[in-house]
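The values are calculated or read from the model by the stated rules, or taken from the named source; none is laboratory data. Quick caveat, the model's predicted, so the values are computed rather than measured. Neighbour counts run over all protein chains shown; Cβ positions are idealised from the backbone, glycine included. We work out accessible area using only protein heavy atoms, side chains counted, and drop any ligands, DNA or RNA first. Shrake-Rupley method; radii C 1.70, N 1.55, O 1.52, S 1.80 Å.
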Amino acid sequence: MHKTQRQPVAAVIASLAQSCYSNRLIILGNFLRTDKDSLSTTPACSTPENFPTELSTGRLDAVQHAAAPRPARPALPAGGRRSVRIVGSITKPIPPVKAQLRNLVLQAIHTLQHDATLPAELAIPDFVIERARSREHGDFACNVAMLLAKPARAKPRELAEKLVAALPANTLVAKVEIAGPGFINFFLAAGACHAEVRRIMAEGDAYGRNTSGGGKTVGVEFVSANPTGPLHVGHGRAAAIGDCLSRLLDASGWNVKREYYYNDAGVQIANLAISVQARARGITPDDSNWPENGYRGDYIADVARAYLDRESVLADGETVTAAGDVDDLDAIRRFAVASLRREQDLDLQAFGVGFDTYFLESSLYTDGKVEETVRELIAHGYTYEEGGALWLRTTAFGDDKDRVMRKSDGTYTYFLPDVAYHLSKWQRGYERAITELGSDHHGSLARVKAGLQALDCGIPRGWPEYVLHQMVTVMRGGEEVKISKRAGSYVTLRDLIDEVGKDATRYFLISRKSDSQLVFDIDLARSQSNDNPVYYIQYAHARVCSVLRQAPEKGYTVDLADGLAHLDRLDNEHEQALLTELSKYPELVETAAANLEPHLVATGLRELANAFHTYYNSHQFLVDDGALRNARLALVVATRQVLKNGLDLLGLGAPEKM
């Protein structure tokens, strides 16, 4: 087993001043000092070492080097550039809206318990507060009355009325209605969304993160391709899903370990070796004596040529040097595996994907883990011999039939090393294990879980969890693309990256629910239009940066604190729609992580970008009314922050210009 260290996905910092200004931006001020006249300088292209996550005092200034700004639109100073001026203080964040609503409901329950309307010893159920499906039904709905009704021996709707009457006075909720059998619908006051903007400003890059994982360790295994050829587009989808899941879980407070399982043993590796050997001997796939199950892609010829030239390959920290002997099949195998592992690693690096651990299947045999697993299964009484083979009684754990572990010729079936491998995850401290696989592996899942349960070593039922993805169809010009010259029989991940770029490839492969089939339209992914979702989202971020660059050019000072003080000026329908989309982001992250559905983030960002573009196309931001201008700029700066945070969860860049 080999381990390599991966750099953190992103440092969790909060920064209101991003370097999306092409002109010179200087951040002034010691943010946590009360002496506002004491100033220090930091270039805008870097982040201050101790940049605060909450700005409760002090000022955030990006000031012009020359004269003080004038109310009119002055001519540009010498050099033709002027910096943005952002002034004012940012208040501390408040709890999320859902947390505040939950607290209000809990207070109402305690009030009813205090006046004996509800029994004092009544256990409070795990009620849900969720977004209403329609704005006609409010912003949030709660099912607490229906859960309490039976133990309280009350009618749900009547209990809902009493709970509403017992809600404490607050500025969060404008009105409350009771719907259906007893749902409590909350209509938020305008100030609730305004508070969310302040929260975004205060938390910066940390906005949307939560602590639901509690620091527990989760292993996420994904890609895990055989090192027998270039990564294909299906592996690319696995890489996108697995990496985004890891980012989501990290944002949800889990200690995430990314793992790649190399299947470097077995029949396919043997086929790889004889394919390279045949090429090294001058045999081509068109010859009659080409191996029946040999790999036919041009990459086999490349590996054979490098082997004959006695080249060296560095893979996972180890250097393998080719022997050059065409009769040494074992040496050919080692070099071919190392060469293709290296190629796959380079493809994944180009895709923005890294791993903490690379686990070799062959190590399970060399370290005796497979034999140890067999002994443990026999000792626990779940095996029997029949027809010269060793069987595992998987039907005792819900499988549809018992499975052969060791065949009559003494070799093991493929699911046994899978059991040994997952046992190693448990032994390495993975409190939770998630494996991302292609849907064609579905049949093996039940037997692996059965094998783990048969070991009776404390592994909980349902461990590990699986996320399965469906196939990807690549289209160009309305026709399916099936073959890559290098791979010989399939479209490679590198083909897509070279065609449309990393960001577009990642977004398109993550954009749909993993268990649904996906069509990758190369023409759409390459287009720079609103129909291309990744372009549409990134363009929203770039547009905000453009507005902030234009502000000083037009003689305006960007005063975010003044904007936050005048958020009540944001009263048109487009502003309200954008405020609502922003407030959904923390729930989006939490739900996507809990359900292991990263495509929800892609969808949510598309909706946020749509709300922003609609707002941008309908209203001027740089207006002469200072309070309104600053309120609108505060709103779009908050939008930029949420877009950046969401793009980072998908492993995408947040461009400043497009």
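How many angstrom lie between the C-alpha centres of segment 148-176 and segment 109-140? One Cα centre to the other: 6 Å. Here's how it looks for GLU465: its modeled amide H is under 5 Å from those of ALA433, ILE434, THR435, which are all 5 or more places away or on a different chain. Karplus-based coupling profile of segment 592-605, in residue order and whole Hz: 4, 5, 5, 8, 6, 10, x, 4, 4, 5, 4, 5, x, 5, with θ = phi - 60° in 6.51 cos²θ - 1.76 cosθ + 1.60 and x standing for Gly or Pro.
May I ask you to compute the full-extension gain from LYS584 to ARG461, defined as 0.36 nm times their residue separation minus their alpha-carbon distance, rounded to one decimal in nm? Display every interim value, and only then the final one.
Working: separation 123, 0.36 × 123 = 44.28 nm, distance 3.34 nm.
Net length gain for the segment: 40.9 nm.
Farthest towards the positive end of the charge dipole of segment 345-482, among the residues SER424, GLY352, GLY477, is the Cα of SER424, using unit charges on the Cβ of Lys, Arg, Asp and Glu.
Computed over neighbours whose Cβ is under 14 Å from that of ASP523, the net charge equals -3, Lys and Arg +1, Asp and Glu -1.
The charge dipole of segment 168-257, taken about its Cα centre with unit charges on the Cβ atoms of Lys, Arg (+1), Asp and Glu (-1) only, comes to about 60 debye. Distance between the modelled labels on ASP298 and GLN427, one decimal in nanometres: 4.5 nm (7 Å Cα→Cβ projection).
For segment 282-338, with every protein chain kept in place, what is the accessible area per residue (1.4 Å probe, Å²)?
Values: 3090 Å² over 57 residues.
Here the residues of segment 282-338 average 54 Å² of exposed surface.
Relative contact order, whole percent, for segment 502-558 stands at 25, derived from Cα pairs under 8 Å and 6 or more residues apart. Rounded to the nearest 20 debye, the dipole size of segment 395-454 about its Cα centre is 180 debye, using +1 on the Cβ of Lys and Arg and -1 on the Cβ of Asp and Glu. In order along segment 235-245, the phi-based Karplus estimate (6.51 cos²θ - 1.76 cosθ + 1.60, θ = phi - 60°) of 3J(HN,Hα) comes to 4, x, 5, 4, 5, 5, 5, x, 5, 5, 4 Hz; Gly and Pro are listed as x.
Residue-wise HN-Hα couplings along segment 97-111, as the Karplus relation 6.51 cos²θ - 1.76 cosθ + 1.60 with θ = phi - 60° gives them from phi, are 4, 4, 5, 5, 5, 4, 5, 4, 5, 4, 5, 5, 4, 5, 5 Hz; Gly and Pro carry x.
Estimate the FRET efficiency between ALA169 and SER134 by the formula 1/(1 + (r/R0)^6), using the beta-carbon distance for r and 41 Å for R0, to the nearest 0.05. Provide the component values of the computation, followed by the final result.
Details: r = 27 Å, r/R0 = 0.67.
Step by step, r from the Cβ atoms, then E = 0.90.
Taking the charge dipole of segment 186-317 about its Cα centre, with +1 at Lys and Arg Cβ atoms and -1 at Asp and Glu Cβ atoms, the residue from TYR260, GLY213, ALA192 reaching farthest to the positive side is ALA192. Under a model in which nothing but the beta-carbon of Lys, Arg (+1) and Asp, Glu (-1) is charged, segment 359-471 shows a dipole of about 160 debye around its Cα centre. Gain on full extension, evaluated as 0.36 nm per residue between ALA116 and ASP330 minus their Cα-Cα distance, stands at 69.0 nm. Note on TYR365: accessible area approximately 100 square angstrom, rounded to 10, probe 1.4 Å, nucleic acids and ligands left out.
Suppose R0 equals 25 Å; then what is the FRET efficiency for GLU607 and LYS513 from their Cβ-Cβ distance, rounded to the nearest 0.05? Here the calculated transfer efficiency is 0.95. Shown for segment 511-573: the carbon plus sulfur share of the solvent-accessible area, taken with all protein chains present and a 1.4 angstrom probe, equals 36%. For the charge dipole of segment 127-242, defined by +1 on Lys and Arg C-beta atoms and -1 on Asp and Glu C-beta atoms about the Cα centroid, which residue among LEU172, ILE241, CYS142 has the Cα displaced farthest towards the positive pole? Of LEU172, ILE241, CYS142, it is CYS142.
Which FRET efficiency, nearest 0.05, do THR284 and ILE94 yield, Cβ-Cβ r, R0 60 Å? Walk me through the intermediate numbers first.
Values: r = 70 Å, r/R0 = 1.16.
E(calc), rounded to 0.05, equals 0.30.
Sorting ARG157, ARG133, ARG447, ARG305 by solvent-accessible area of protein heavy atoms yields ARG133, ARG305, ARG157, ARG447, largest first, with a 1.4 Å probe.
Amide H to amide H, with H built 1.01 Å from N, LEU360 comes under 5 Å of HIS2, TYR262, counting only residues 5 or more places away or on other chains.
Amide H to amide H distances under 5 Å link PHE520 with THR473, VAL474, MET475, where only residues 5 or more positions off or on other chains count and H is placed in the peptide plane.
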